[in-house]
Amino acid sequence: MGKVKIKVVGDEQLEQEQKEEQKKRREAKSASGGRREDKTAKKAQVKGVGLGGGQRINTVGISEEEIEKELEKTPQESVPEEKKLSEAKPASGGAKKAKKAKARLRSKRHTENSSQVAQKTTYPIGAGIELLRKFRKSNFDETVELHINVKEKGVSGQVTLPHGTGKKLRIAVASDALIADVEKGKIDFDILVAEPEMMPKLAKVARVLGPRGLMPNPKNGTISDKPEQLIEKLSAGQISYKTESQVPIIHMSVGKLSFKDEQLSENISSVLSSVGPTRISSITLKSTMSPAIPIRL
């Protein structure tokens with residue numbers, strides 16, 4: 001028996017009805033000026049009652065391409081600028097608060113002392129020392145400091161203060177025993193001097209001494225064939241100075257408040273002569289806890 005073709009009754013009629021329905025929907029859309037249909041309409045499908053498997057099913061409604069074209073034609077709703085800005089701002093709860101710079105708090109004593117320094121005024125050395133005496137003092141013998149701004153970086157040298165710094169220095173000479181103590185973490189000296197032949201041995205503790213500024217160096221005059229004579233000079237008040245690595249400024253100790261005015265004046269004059277007046281931009285005199293006093297060149 002050969003193949004038998006089975007035709008569903010009403011199949012052609014149903015297809016014709018679906019085409020007519022689709023045509024009506026398109027005409028209605030065109031008449032309404034391109035009204036957007038619900039997205040679910042493009043997915044809607046109509047199945048004929050009693051249709052078997054493999055029979056054709058037509059989609060009713062506008063296609064996805066037509067919807068996209070209509071959306072492009074429709075003008076977007078404008079958003080007020082104020083609303084955009086408000087939406088762009090983060091919620092107050094999640095916003096990070098900007099860190100406010102804290103004002104440096106000064107003691108009442110420092111404030112009173114600062115009021116005695118005339119604004120935009122430079123003082124001669126003698127007048128600066130006299131003003132330093134008028135400040136309210138701390139309960140210890142403060143160090144007198146000299147801060148020198150120079151015109152270029154790399155300024156360095158040595159100077160012997162006629163009256164010393166007022167600090168008793170612990171000076172040591174490099175030896176095998178001292179190197180062994182440094183390796184154990186024992187450092188009980190303020191200045192280390194060495195003979196040239198000891199420098200290779202000191203290399204193994206350079207990482208310990210270097211950051212503390214204790215490594216003997218030809219630039220600061222702590223290497224000598226006669227270390228005993230060098231110790232005498234250092235004990236007599238010989239000090240080294242140099243500018244900071246990043247800024248052209250020199251910080252030095254020139255005595256104690258317990259020094260006489262003449263002693264401080266002579267120490268300061270010795271430092272300024274060694275640095276050289278032509279290299280200096282400005283000078284500031286102060287003690288450990290006092291405000292700064294501008295000094296006249």
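The values are calculated or read from the model by the stated rules, or taken from the named source; none is laboratory data. Worth saying up front: this structure is predicted, and the values here are computed from it rather than measured. Here the Cβ is made from the backbone with ideal geometry for all residues, glycine too, and neighbour counts use every protein chain on show.
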Discussion item. So for segment 214-226 (the condition being charged (D, E, K, R) and closer than 22 Å to Asp176 by Cβ), does at least one residue qualify?
Written reply: yes
Item to complete: Within segment 137-149, identify whether any single residue is polar (S, T, N, Q), surrounded by 13 or more Cβ atoms within 10 Å (Cβ to Cβ), within 30 Å of Lys233 (Cα to Cα) and at pLDDT 85 or above, and answer yes or no.
Response: yes
Worksheet item: Which fully enclosed strands (runs of 3 or more DSSP E) of segment 127-195 have 3 or more residues being in the same structural domain as Val208 (by TED's automatic domain parsing)?
Response: 171-173, 191-193
Worksheet item: So, of the residues in segment 110-126 that are assigned to a loop (DSSP other than H, G, I, E, B) and more than 23 Å from Ser281 (Cα to Cα), which turns out to be farthest from the chain's Cα centre (by Cα)?
Response: Gln116
Practice prompt. Select from segment 276-294 the residues that are β-branched (Val, Ile, Thr), touching a residue at least 12 places away in the same chain (Cβ under 8 Å) and surrounded by fewer than 22 Cβ atoms within 10 Å (Cβ to Cβ) and list them in ascending order.
Written response: Ile280, Thr284, Thr288
